[in-house]
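Single-structure report; data block below.
The values are calculated or read from the model by the stated rules, or taken from the named source; none is laboratory data. Fair warning: this is a prediction, and the values are worked out from it, not measured in the lab. A quick note on method: Cβ atoms are made from the backbone with ideal geometry, for glycine too, and the neighbour counts reach across all protein chains shown. The protein model used for the area step is the full one, side chains on, heavy atoms only, and it has no ligands, DNA or RNA in it. Shrake-Rupley method; radii C 1.70, N 1.55, O 1.52, S 1.80 Å.
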Amino acid sequence: MSLPEIVFRVGGAAGDGVSSTAESFAKMCSRSGLHVWTYSSYQSVIRGGHVWTQVRGSPEPVLSHGTVPNVLVCLNQQTMDVHQGDILAGGAIVYDSDLVKPDPSRVAKGVRLLGMSLRKLAQTITPNAIVRNTVALGAAVRLYEIDFRHVESAFQDIWGDKKPEIVEQNVRAAKLGADAVDRAGGSLHLGVPFPEEPRYLMTGNEAVALGALAAGVRFHAQYPMTPASSILHWMAAHGPAHGVVVKQVEDELAAMNMAIGAGHAGVRSMVATSGGGFCLMVEAIGQAGMTETPLVAVVVQRGGPSTGLPTKTEQGDLNLVLGAGQGDWPRGILAPRHTQECFDLTAKAFNLAEVYQTPIVLLSDLYLGEGFRTVDKLDFNVPIVRGLTAADGGAIQGRFKRYAYTDSGVSPRAFPGTRGYQFVAATDEHMENGELISDVLAGLPEFVEERRKMHEKRMRKLVGLRKDMPPPELWGSANADLTLIHWGSTWGPAHEAILHVEEEDGVHVNSLEFPTLFPFHADETLRILKGVKRTLSIEGNYTGQFARLLRAETGYQPTFSFPKYDGEPFTWREIADKILEVVA
Amino acid sequence: MKLAFELETYKSEVKPTWCPGCGDFAVLNALQHALTELQLEPWNVLLVSGIGCSSNLPQFLSTYGFHAIHGRAVAVAEGAKLANPDLHVIVTGGDGDGYGIGVGHFIHAMRRNLDLTYIVMNNEIYGLTTGQASPTSEMGMKTKSTPIAGVIENPIDPIALALSSGATYVARAFSGDVKQMSELVAKGIEHHGFSLIDALSPCVTYNKINTYEFFRKRVYDLNKEGHDAGDLKAAFLKALEWPVVQRDRIPLGLFYRNDKVPTYEDLEPAYKKGNPVKQPLGVADADEILKEFL
């Protein structure tokens with residue numbers, strides 16, 4: 001935290017190429033060896049609106065998108081109006097002087113105003129207007145003193161295969177921006193050190209797709225929905241080469257039911273969506289619980305309810321996934337905290353789903369799913385555990401007892417195509433051999449007993465599932481004055497806030513966090529809570545859905561709470577301020 | 001020659017719970033005959049159904065089965081077929097299940113031309129829920145849910161719908177003629193592509209209009225009347241004979257068959273690696289995959 005860092009913000013209207021400009025910049029940072037964390041703020045329009053992306057790069061690990069930028073690029077007036085006051089002394093604002101005017105009274109002293117005729121400069125190279133972004137990008141690269149070869153290599157990767165002339169044009173355009181900075185006083189001399197050891201850069205959604213691939217997913221069905229769509233995009237482009245059938249289907253009902261069909265047939269099967277799409281899947285997810293079909297469902301949360309804030313982040317769907325489907329059935333809910341965990345927990349989810357023959361939900365969100373972050377090299381050599389299959393089931397007489405009563409609640413399954421193990425998987429209540437209890441037998445004394453036993457068999461899976469799912473973790477100082485309680489993507493800003501208040505304010509804070517949300521690790525949680533003083537629960541929703549779960553499972557009520565439901569992710573500064581407020 | 005699989009091979013020990021005289025018995029019988037004729041290995045057949053009287057059918061066969069939820073049988077079947085294209089996947093259900101709540105999946109499965117066989121036991125009523133109107137109930141039909149003016153919506157025309165959605169095998173059968181039904185089902189299973197068999201299967205308890213007698217008076221074999229099943233336009237004209245345009249002549253038989261259309265499986269890029277369910281798990285070339293992220 002002590003080393004100087006890059007906090008770059010670029011803004012314009014949708015259609016101005018803001019996100020691709022920021023993505024290229026993020027790539028240049030990760031290639032120069034920086035740790036990177038991005039956040040994009042956008043709206044649900046194709047053209048217009050106010051779009052901005054922040055890229056934070058540091059030679060030290062970063063935990064959030066940071067607060068105020070040291071370089072701002074304004075592609076339109078609105079960006080200037082909204083953000084010009086954020087830049088601190090020593091920073092710079094690059095703007096398109098043909099379209100944008102700063103208000104010097106709102107800009108801090110010591111901020112360099114670098115108006116450039118971005119469009120005219122670009123037009124000296126190509127009539128393609130979007131190239132003006134590259135001129136601005138070149139300016140930012142020079143202001144931060146990023147090695148220009150990363151500009152060339154990034155463009156080479158984006159266009160090199162198909163359009164070498166575009167690479168050449170963009171490199172020249174970036175040089176024009178860099179030269180303009182040189183003429184206007186040169187770099188900002190921030191002194192950011194560049195390790196020059198390239199780092200892997202990806203979104204949480206991409207990490208989920210990679211985790212699924214590593215775990216051997218062979219069927220993926222999805223209906224497009226922000227912010228989960230990029231899972232479909234990556235899978236559609238890369239899955240088939242690895243033998244993955246990737247289907248964009250007619251609706252989420254189809255996605256869930258197809259995934260169940262594929263899981264029943266014996267492949268590792270996945271769906272991905274956001275809360276609104278999961279609402280539709282709820283119709284069928286209990287069917288997977290009842291027929292004991294493994295599958296992995298990824299829910300990338302956005303602002304709700306209803307269609308809510310499609311392009312904004314929230315942690316408001318925990319109640320939905322906890323309560324999805326009528327009746328009781330065993331489920332697992334995992335919540336990755338960061339990009340690496342998106343990979344790890346997705347891979348793990350496939351094992352849990354197959355070992356316990358039930359759906360596992362992975363609860364992510366827009367901030368985590370769409371943000372680009374650097375990760376260490378992912379290890380694809382993940383363990384693959386497929387659980388009990390018919391080969392372990394012994395010789396079959398009569399109809400295969402697919403749902404045999406066992407102590408673990410898990411019965412050996414058989415894939416269609418396996419000789420001699422024919423059975424019917426039924427979503428109605430059924431006996432050990434799959435025969436229905438519902439039609440003419442329900443209510444008869446013997447079958448009242450059968451129903452009870454079958455239901456208990458399924459629900460017994462929760463015991464093993466809980467044991468195999470990652471427990472809560474206490475991170476940070478042993479003797480803290482305050483313990484943060486949080487889950488999911490709040491991890492980064494929360495940890496960064498803790499580092500700040502410990503270093504700058506001498507306040508000792510630690511953090512209790514939950515990669516598993518259900519089945520709840522009540523005993524471990526209580527054990528940890530017995531050793532902490534006061535707690536502050538931080539959640540991206542109004543009612544404190546996780547705090548409620550915690551209370552229901554442990555009886556524990558957090559001392560303080562900090563809800564956020566404005567659509568924006570927590571920043572470390574907000575959390576640090578709240579910490580200081582409650583410990584004062 | 002002794003067959004490897006007798007009719008009995010395909011029967012399960014579970015006895016049907018249908019009402020005596022139900023048209024669905026004939027469909028079960030026809031399906032058992034079709035499987036016997038084709039000598040399909042019971043363990044390589046997956047029967048998928050939804051909810052309703054007809055959807056109990058997989059329980060009564062000794063193949064693999066999946067008894068799913070209302071309207072979603074086709075989607076479950078698609079997933080299973082895509083995961084293991086070597087399976088013979090047959091979907092069974094009723095008119096409410098397939099033409100009502102599940103009509104979206106039905107249309108999309110046909111436009112995909114997946115190699116599935118869909119047998120819809122069409123009794124023009126909701127039987128298991130005790131007699132409400134169905135999407136194929138006739139205009140004017142009084143039911144528990146349409147007691148005053150009767151049905152005031154046009155019935156779905158499954159044959160025309162299938163023809164316009166891209167199904168490549170479209171047939172109609174009747175529970176009063178098990179022999180013709182078995183032939184149509186067997187050819188449908190053999191057909192490489194999506195096959196629909198709309199099976200007129202009277203509900204003797206709740207539908208007092210579309211009875212065996214009602215159909216016997218009106219049905220005829222369109223193939224015996226010289227219909228060319230390779231002619232899509234002629235098939236559409238035959239489809240319009242019933243139920244939407246008129247009520248007096250009901251064509252049975254094969255309306256349309258096209259073996260030249262590639263199936264979804266023929267085009268699916270993932271199958272270059274082989275049958276997904278038979279692929280080893282794990283990734284060999286992780287470095288290659290990760291390259292784009294560096």
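Which one of the conditions (1) within 14 Å of chain B (Cβ to nearest Cβ); (2) charged (D, E, K, R); (3) touching a Ser or Thr at 6+ places or on another chain (Cβ under 9 Å) does A:Asp147 fail to meet, given that it meets all the rest?
Evaluating A:Asp147 over (1) within 14 Å of chain B (Cβ to nearest Cβ); (2) charged (D, E, K, R); (3) touching a Ser or Thr at 6+ places or on another chain (Cβ under 9 Å) leaves (1) as the failure.
If I ask for residues that are farther than 21 Å from B:Phe174 by Cα, open to solvent by 10 Å² or more (accessible area, probe 1.4 Å) and small (Gly, Ala, Ser), which ones from the range B:30-66 would you list?
Matches in the range B:30-66: B:Ser62 only.
Looking at the range B:67-88, I want the residues that are within 16 Å of A:Ala426 (Cα to Cα) and have a partner that is assigned to a loop (DSSP other than H, G, I, E, B) and open to solvent by 10 Å² or more (accessible area, probe 1.4 Å) with Cβ atoms under 7 Å, at least 6 apart or on another chain. Which pairs are those?
B:His67/A:Thr427; B:His67/A:Asp428; B:Ala68/A:Thr427; B:Ile69/A:Thr427; B:Ile69/B:Ile51; B:His70/B:Ile51
Working only within the range A:335-345, note down all residues that are within 11 Å of the chain's Cα centre (by Cα) and part of a helix (DSSP H, G or I).
Across the range A:335-345, the qualifying residues are A:Thr339, A:Gln340, A:Glu341, A:Cys342, A:Phe343.
Please go through the range A:248-264 and give me each residue that is more than 7 Å from chain B (Cβ to nearest Cβ) and over 21 Å from the mean Cα position of the chain (by Cα), ordered by number. Give the steps one after another, and end with the answer.
Restricting attention to the range A:248-264, the residues satisfying the condition of being more than 7 Å from chain B (Cβ to nearest Cβ) are A:248-249, A:252, A:255-256, A:263.
If the condition is that a residue be more than 7 Å from chain B (Cβ to nearest Cβ) and over 21 Å from the mean Cα position of the chain (by Cα), then A:Val249, A:Gly263 are the ones that fit.
So B:Val76 ticks every box in (1) more than 9 Å from every other protein chain (Cβ to nearest Cβ); (2) closer than 29 Å to B:Gln279 by Cβ; (3) among the β-branched types (Val, Ile, Thr) but one. Which box is left unticked?
Status for B:Val76: all satisfied but (1).
Restricting the search to the range B:207-259, which residues are open to solvent by less than 60 Å² (accessible area, probe 1.4 Å), outside any loop (DSSP other than H, G, I, E, B) and closer than 22 Å to B:Thr143 by Cβ?
B:Tyr212, B:Phe214, B:Phe215, B:Arg218, B:Ile250
In this structure, is A:Thr559 over 30 Å from A:Tyr356 (Cα atoms), open to solvent by 40 Å² or more (accessible area, probe 1.4 Å) and at pLDDT 95 or above?
Considered against the rule, which asks whether it is over 30 Å from A:Tyr356 (Cα atoms), open to solvent by 40 Å² or more (accessible area, probe 1.4 Å) and at pLDDT 95 or above, A:Thr559 comes out as yes.
Across the range A:470-516, what is the total count of residues that are small (Gly, Ala, Ser) and either over 20 Å from A:Trp37 (Cβ atoms) or open to solvent by 20 Å² or more (accessible area, probe 1.4 Å) (or both)? Let's see the steps before the verdict.
So in the range A:470-516, the residues small (Gly, Ala, Ser) come out as A:476-478, A:480, A:488-489, A:492, A:494, A:497, A:506, A:511.
Right, trim to either over 20 Å from A:Trp37 (Cβ atoms) or open to solvent by 20 Å² or more (accessible area, probe 1.4 Å) (or both) and you get A:476-478, A:480, A:506.
So the count comes out to 5.
Within the set of pairs 6+ apart or on separate chains, which have a first residue in the range A:407-429 that is in contact (Cβ under 8 Å) with a residue 60 or more places away in the chain and in a strand (DSSP E or B), a second that is crowded, with 22+ Cβ neighbours inside 10 Å and among the aromatic types (Phe, Trp, Tyr), and C-beta atoms under 7 Å apart?
A:Ala425/B:Phe66
For the range A:81-102, name all the residues that are over 12 Å from A:Asn70 (Cα atoms) and either open to solvent by 60 Å² or more (accessible area, probe 1.4 Å) or in contact with a Lys or Arg (Cβ under 7 Å, 6 or more places away or on another chain) (or both). Give the derivation first.
Here is the first cut: in the range A:81-102, the residues over 12 Å from A:Asn70 (Cα atoms) are A:81-82, A:95-102.
Result: A:Asp81, A:Val82, A:Asp96, A:Asp98, A:Leu99, A:Lys101.
Search the range A:265-296 for residues being part of a helix (DSSP H, G or I) and farther than 29 Å from A:Thr313 by Cβ, and hand back the single one that is farthest from the other protein chains (Cβ to nearest Cβ). Can you show your working first?
Looking only at the range A:265-296, we keep the residues that are part of a helix (DSSP H, G or I), and these are A:265, A:275-291.
Of the ones still in play, those that are also farther than 29 Å from A:Thr313 by Cβ are A:265, A:287, A:290-291.
Details: A:Ala265: 4, A:Gln287: 5, A:Met290: 9, A:Thr291: 7 Å.
Out of the qualifying residues, it is A:Met290.
Could you please let me know if A:Glu314 is among the acidic types (Asp, Glu) and within 14 Å of another protein chain (Cβ to nearest Cβ)?
no
Residue by residue through the range B:262-277, note down the ones that are open to solvent by 20 Å² or more (accessible area, probe 1.4 Å), touching a residue at least 60 places away in the same chain (Cβ under 8 Å) and charged (D, E, K, R).
B:Glu265
Quick check on my filter: what residues within the range A:436-480 are touching a helix residue (DSSP H, G or I) at 6+ places or on another chain (Cβ under 6 Å) and over 21 Å from A:Gly409 (Cβ atoms)?
A:Leu441, A:Pro472, A:Leu474, A:Gly476 - these are the residues of the range A:436-480 that are touching a helix residue (DSSP H, G or I) at 6+ places or on another chain (Cβ under 6 Å) and over 21 Å from A:Gly409 (Cβ atoms).
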